[in-house]
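Working notes for the structure below.
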Amino acid sequence: MKFRFALITAATLLAGCRHAGDITAENGGGIWAVRSTCPLVGIPAGTGDITLFNPEGSTDSRAIDVTASITDLRSTCQDAGNDVISTATFTVVALRSAPGPARQVILPYFDVALRGGSNVAAKRIGQIALNFKPGGVHAWTRVQATVRVNRGAASLPENVRRILTQPRKAGEADAATDPLADPSIRTAVANATFEHLIGFQMSRDQLKYNATR
């Protein structure tokens, strides 16, 4: 599972009163990017929608039984103590092809802490219960998922932080050099970067259907 957010550029730091995009005089008009230990929250491409067929295994549009989507993803982060706790809440909305008696549909979903853009640090599989009322075709529910990341793992080593936050002025040799061009610095930043990912747990055939429909 590959999922990447925009690369965090050279000035990756936590700075007391600075904000992302601030242009400061003391560093020669440079732009500060504010880095947080909180995981970035998102839905990997192709995993935010799921389609169930009847009969199972068919991909004919006439055999579509239930469709569901993840929407309204929100997150909060408890950035205190030894652990950084990311809590994601999201809504799952579903539609069945025809009205009928009351029915419950159970859909599996994953809750992943991804480190460095590719390494799964932790994964949990949960279940979402969707209850269709008699005669109704719509159902929805609200879901909450939490990951816990060790603060030390999500923090940059002091030597890397020092290199990234070193003042650089126009005209100086190091001003034209991106610290992230150094593989060791790039690796350290990646290892301290976590993502909290939510999506439907699907089979290869279901993923293929989403990619080709």
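Rule-based calculations on the coordinates, nothing more; no lab input. None of these values were measured; they are calculated from a predicted model. Neighbour counts run over all protein chains shown; Cβ positions are idealised from the backbone, glycine included.
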Project the alpha carbons of the range 50-140 onto their principal axes and report the range along each, largest first, in whole Å. 50, 26, 17
Quick one: if you stick a label point 7 Å off each Cα along the C-beta vector at Ala129 and Arg186, how many nm between them? 4.8 nm
Arrange the following residues from fewest to most other Cβ atoms within 10 Å of their Cβ: Arg151, Arg62, Arg115. Arg62, Arg151, Arg115
Can you give me the three principal axis dimensions of the range 110-206 from its C-alpha atoms, in Å, biggest first? 72, 26, 26
Under the √(5λ) rule applied to the eigenvalues of the Cα gyration tensor, what semi-axes describe the equivalent ellipsoid of the range 87-164? Give them in Å, descending. 41, 10, 10
Dipole of the range 71-213, positive end: most advanced residue of Trp140, Phe110, Phe200 [Cβ charges, Cα centre]: Trp140
Once Thr146 and Asn54 are pulled to full extension, the length gained, defined as 0.36 nm per residue separation minus their Cα-Cα distance, is 29.8 nm
